[in-house]
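Read through the structure below, which is laid out as structure tokens, and then see the notes.
Each value in this text was obtained by applying a stated rule to the coordinates, not by laboratory testing. Keep in mind the model is a prediction, meaning the values are calculated, not measured. Cβ coordinates were reconstructed from backbone atoms using ideal geometry, including for glycine residues, and neighbour counts include every protein chain displayed.
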Amino acid sequence: MVQRVETRKSKQILHDVIFELQNVSESMQWFLSYDRLSELLEIRKEECLRKVYQFKSAKPQMTLSGGFHEVDGDLLVDFLAWILELDEVAEDFLKGGIFFSERPLFELRESYKSLIQKTVANHKLDRELILLLTAATVDFDDAIDSYLMDKFEIDFFVRRSIHQFLEKFEIHPEFGAEEFLYEYLKSLIPTKILNFRDITREFRDRTYYELYGRFREAKKKKKKIVKTVSIELKDLLAFFDLEPGANITDVKKKFKELLKKYHPDINKKGEEMTKRIILKYNRLVELLGT
């Protein structure tokens, strides 16, 4: 009986924390101070800080900045799961529309890819237009790009996959989740993570076969590409003030430091810089992962 009461109490505290973040969230940007967290946990500030330091001992990547920002969402989720002894913290944060961990974001990316692939697979080919475009361009992929852009809108795929994602997880969109996810997907489209040509590769190969009756040969990689990537990688590392050989953990740490520095709550002119930081971070993670 005592355990049930404690569980109900923990769930109520979790609900209060999520409600607090929803109230202060703007486009899923928020900050929860240790002072406010101690009030929500119904413990003294000194006790809250002691628990935070105790938690940090197992999280070397964690930085102490007076509280938790949205970029520390994964740490706040783990902290609450530990202190409240609850398993559903990440799920409730997701449904609350205030923080998305990597797992659901990965699912959103895969849903976006799948939506495009299913749509183009069921598309009735306009052979005359394709042949016209291929005759007007040197590269077959450029012709297919023009064809697909003529027949479909990328923005439709982005918004449709987000709509399905929000519905599936029953996420509250009114706290900025929809806008956040839109910017998240749009920022990844220029990168290899959501490269349009890779996503539509099967359609391109099938179309080539239907037009010419043979399989197209794979393009040979040019050595210049390696040089370009290495220069880009060097520039991105310099942007984050990192030395060559830095790993993903180093990048994430610098990423969080920069986001906190230019967070709109701290720097009123930091919104544009924040967007640049996110774009460069996504690209750097992609390069380090290849």
### Message
Can you give the local net charge around Ile98? Use residues other than it whose beta-carbon is closer than 12 angstrom to its beta-carbon, Lys and Arg +1, Asp and Glu -1.
### Response
-4
### Query
Under a point spin-label approximation (7 Å from Cα along Cα-to-Cβ), what is the Lys269-Ala135 distance to one decimal in nm?
5.5
### Query
Given only helices, namely DSSP H runs of n ≥ 4 each adding -39500 (n - 2.57), what is the per-residue ellipticity at 222 nm of the chain, to the nearest 500 deg cm²/dmol?
-22000 deg cm²/dmol
### Nonlocal amide H pairs with Gly67, under 5 Å, H built at 1.01 Å
Tyr34
#### Entry: Sites matching GluC sites (Glu not before Pro) across the range 57-130 that sit in DSSP coil, with at most 14 neighbouring C-beta atoms within 10 Å
Glu85, Glu88
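How charged is the neighbourhood of Trp82? Take every other residue with its Cβ under 14 Å from the Cβ of Trp82, and add Lys/Arg as +1 and Asp/Glu as -1.
-1
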### Message
So if a site counts as exposed when it's one of the trypsin sites (Lys or Arg not before Pro), its DSSP state isn't H, G, I, E or B, and it has at most 15 other Cβ atoms within 10 Å, what's the longest stretch of the chain without one?
### Response
125-213
### ³J(HN,Hα), Karplus 6.51/-1.76/1.60, whole Hz, each residue of the range 18-35, x for Gly, Pro
4, 4, 4, 5, 5, 5, 9, 6, 10, 6, 6, 10, 8, 8, 10, 6, 5, 4
#### Entry: Cα→Cβ-extended label distance, 7 Å offset, between Lys252 and Ser114, nm
2.6
### Task
May I ask for the distance between the Cα centers of the range 20-40 and the range 231-288, given as a whole number of Å?
24
